[in-house]
Amino acid sequence: FFHKYQNPEEVLLKSFKYAAATEVILGGNHDVINDIDKKSSLHIVDHVFPDKVVIPVFDQVVTANADIGGVQFYFVPHHTSKALFEVALGKVATEAYEFMEARKGGSGGTVLCLHCNYNSGFADKDTELNLTRDQAEWLLTKFDYIIIGHDHHYKTDFEARLVVLGNIFPTG
């Protein structure tokens, strides 16, 4: 929803409209700040739509999952460091594996939703999260699909089992 941590009222009102039509909202890098006492615009959306928003929390591992239409979705928002992000990826991979073992022969699928770069050679700072192609290949043994937000350009990989959504409002 946001390109800045704090936004004017008209941007917030527009985000409420989108949030009302959305099952889950995954927090991104513009929703994290290095001050635990401050709240982002996404926190306001969360206040209006409780239980819809997966918010990054400073210096904590955050994951969530939800059954939406018989498909098990796993969510990893942006984290403040690569180390926390990788712990979160391991946590959801374990949860998805356990889910897949329990449903053997059953219906439904698993989808991992992330907010990070994908296979970027430029994400070299500790706060610039990047899912490598090798990590994606490993995660696709646990998940049917991976959907990634953050990158501004649409692309697919692994025969479209990994989709980078892109952005309808590119800012870079």
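Looking at region 70-79 only, could you name the residues that are open to solvent by 20 Å² or more (accessible area, probe 1.4 Å) and in contact (Cβ under 8 Å) with a residue 40 or more places away in the chain? Once the filter is applied, which keeps residues that are open to solvent by 20 Å² or more (accessible area, probe 1.4 Å) and in contact (Cβ under 8 Å) with a residue 40 or more places away in the chain, region 70-79 yields Val71, Phe73.
Return the total of residues in region 72-103 being under 25 Å from Leu42 (Cα atoms) and not basic (Lys, Arg). Please lay out each step first, then the result.
Going residue by residue through region 72-103, those that are under 25 Å from Leu42 (Cα atoms) are 72-89, 91-92.
The next check asks that each one be not basic (Lys, Arg); those that pass are 72-81, 83-89, 92.
Adding up the residues that qualify gives 18.
For region 155-165, taking the residues that are farther than 21 Å from Val24 by Cα and of a type outside the set (A, V, I, L, M, F, W, C), the one that is least open to solvent (accessible area, probe 1.4 Å) is identified as Asp157.
Note on region 79-91: among residues that are at pLDDT 90 or above and either assigned to a loop (DSSP other than H, G, I, E, B) or in contact with a helix residue (DSSP H, G or I) (Cβ under 8 Å, 6 or more places away or on another chain) (or both), the one that is farthest from His3 (Cα to Cα) is Leu89.
For region 99-113, the criterion of a residue being β-branched (Val, Ile, Thr) and not in a strand (DSSP E or B) is satisfied by no position. Total residues in region 1-47 satisfying the condition of being farther than 22 Å from Phe75 by Cα and either open to solvent by less than 30 Å² (accessible area, probe 1.4 Å) or at pLDDT below 85 (or both): the figure is 6.
Can you find, within region 48-59, the residue that is modelled with the highest pLDDT among those that are in a loop (DSSP other than H, G, I, E, B) and not acidic (Asp, Glu)?
Going residue by residue through region 48-59, those that are in a loop (DSSP other than H, G, I, E, B) are 49-52, 55-59.
Then keep just the ones that are not acidic (Asp, Glu); that gives 49-50, 52, 55-58.
On the way: Phe49: 93, Pro50: 88, Lys52: 88, Ile55: 82, Pro56: 80, Val57: 79, Phe58: 77.
Once the filter is applied, the top-ranked residue is Phe49.
In region 122-154, of all residues being surrounded by 14 or more Cβ atoms within 10 Å (Cβ to Cβ) and charged (D, E, K, R), the one that is nearest to Ala93 (Cα to Cα) corresponds to Lys142.
Of the residues that make up region 92-99, is at least one at pLDDT 90 or above and surrounded by fewer than 18 Cβ atoms within 10 Å (Cβ to Cβ)? First the steps, then the outcome.
First pass over region 92-99, keeping only residues at pLDDT 90 or above: 92-96.
Then drop every residue that is not surrounded by fewer than 18 Cβ atoms within 10 Å (Cβ to Cβ), which leaves 94-95.
Within region 92-99, one or more residues are at pLDDT 90 or above and surrounded by fewer than 18 Cβ atoms within 10 Å (Cβ to Cβ).
Among residues belonging to region 60-69 that are open to solvent by less than 40 Å² (accessible area, probe 1.4 Å) and assigned to a loop (DSSP other than H, G, I, E, B), point out the one that is farthest from Phe143 (Cα to Cα). Taking the candidates together, the pick is Val62. Of the set (1) out of contact with any strand residue (DSSP E or B) (no Cβ under 6 Å at 6 or more places or on another chain); (2) on the phi < 0 side of the Ramachandran plot, all apply to Gly70 but (2).
A quick yes/no check of all residues on (1) assigned to a strand (DSSP E or B); (2) under 23 Å from Val24 (Cβ atoms):
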| residue | (1), (2) |
| --- | --- |
| Ser120 | no, no |
| Lys125 | no, no |
| Glu128 | no, no |
| Gly149 | yes, yes |
| His152 | no, yes |
| Asn167 | no, yes |
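The values are calculated or read from the model by the stated rules, or taken from the named source; none is laboratory data. These figures come from a predicted structure and were not determined experimentally. Methodologically, a virtual Cβ is constructed for each residue, glycine included, from the backbone with ideal geometry; neighbour enumeration extends over all protein chains shown. The accessibility values were calculated without ligands, DNA or RNA, using every heavy atom of the protein model including side chains. Shrake-Rupley method; radii C 1.70, N 1.55, O 1.52, S 1.80 Å.
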